[in-house]
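Below is one structure, written out as C-alpha cells, with a few remarks after it.
Please treat every number below as a calculation from the coordinates, not as lab data. Quantities reported herein were computed from a predicted structural model and do not represent experimental measurements. Note that we place each Cβ from the backbone using ideal geometry, even for glycine, and neighbour counts take in every protein chain shown.
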Amino acid sequence: MDAQQILGIVIIGIGGVIFIGLMIYFGARENAGRDPLQERLAEYGMRDEMPKSLEELEQQLSFSDRVVRPMFKAIANVAARFTPENQLEQTRHLLELAGQAQKTDPRTFFGSRVMLSVGMGIVGFLLFFKLADVGAPNNILFTLLFFGIGYYLPLLQLRSAISKRQNNILKALPDALDLLTICVEAGLGFDQAMGKVYEKWDNELAIALGRVIQEIALGKMRREALRDMAKNMEVQDVTTFTAAIIQADQLGVSIAKILRVQSDQMRVKRRQRAQEKAHQAPVKMMIPMVFLIFPSLWIVLLGPSLIILMETNVKI
C-alpha cells in the first residue's frame, strides 16, 4: 500500500468512528438535570402568540430531538425485542450500580451497544476488505475484532463509571457516619439524621440516602429500603453498615452506639486503605521510571557520546 491508501484508511476509520459516536451520543443521552415540560411551558409563556399548527411545533424542536433521538430509540427498541430478559435485567442492575438508572433506559443502553458494534464492524469491513490487502482470513479476523470492540466499549465505560461511583461512596462513608452519629446522639431519629446528610452534602452516598428517605415516605419499610440501597451499590462497607443498622432495629439496640462503633471502624478502614496505597506507590512508580524516565536520561547522558563516536568512525 502507498501513502495515499494508508491516509485514506485512516481518514475513513476516524470519520466512521466519530460519526457513530456522535449518533449514539445524541441519541442515547437523556434530558438529565432539566424538566422538558417546564422548559416548554416557559417557552410558551415568553411567546406573543400561540403556534398555529403541529408542523410549527415540530420545527421548534432541535434536529436531535426531531430526528436523531427518535430514530435511535426505534432501532434500540427493535434490537431489545430480540434480547433475552435476563440480559436486560443485568444491564438494568449495572446502570443502578453506576447511578444512571434514572438517566438511561436499559433498552436504550443495550441498543447503543448493538448499534456501535454493527457500525464498528462495517468500518472494519470497509477498511480491511476494500482498502487494505492483508488476506481474507485476516480481513475477517479484523472485522470481528472491530465488532467486538464496538460491543464491549460501552460496557467498559459503564464499569468504569461503577468503579468511580463506588470509590466516591467509600470516601464519603466515614464522614457521613460521623454526621449520622452526631445527629442521632443529639436527639434526632435515624430517618431525620439521614435527611441531614442529604441536605448537607451533594455526593453519591447522600443522594442514595435521600432516595431511602423518599422510599420510606412512600410506605416502604426502612430495612427494605436500606437493603435495596446496599444492593444498588455493592460496596462491602455499606453492606456491613446497613446490616448493622437493620440488626439493631430488629433487636432494639441503641442505634447511636451502633453508629459510633461503625464510624470508628470505617475511619480505621480508611486509614488502612490509605496506608495500603502508600505502600503500593513505589511499585507503581517503577513502570514510568523504567519505560519513560530512564530512557530519557540515557539519551541525554549517552547521546552526545554516541554522536562523537559515530563522527570519528570508532567501532562500538
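Annotations for the structure displayed:
- Tail fraction, Cα-Cα pairs, the stretch 263-316, threshold 13 Å, whole percent: 72
- Total formal charge among the other residues, if their Cβ is under 11 angstrom from that of Met221, Lys/Arg +1 and Asp/Glu -1: 0
- C-alpha center-to-center spacing [the stretch 183-232, the stretch 107-126] in angstrom: 40
- Extension gain, Ser163 back to Lys257 (0.36 nm per residue minus Cα-Cα distance, nm): 30.7 nm
- Cross-link pairs beyond the 23 Å C-alpha cut-off, checked among Lys200/Lys277; Lys164/Lys269; Lys103/Lys269; Lys103/Lys164; Lys103/Lys196; Lys171/Lys200: Lys200/Lys277; Lys103/Lys269; Lys103/Lys196
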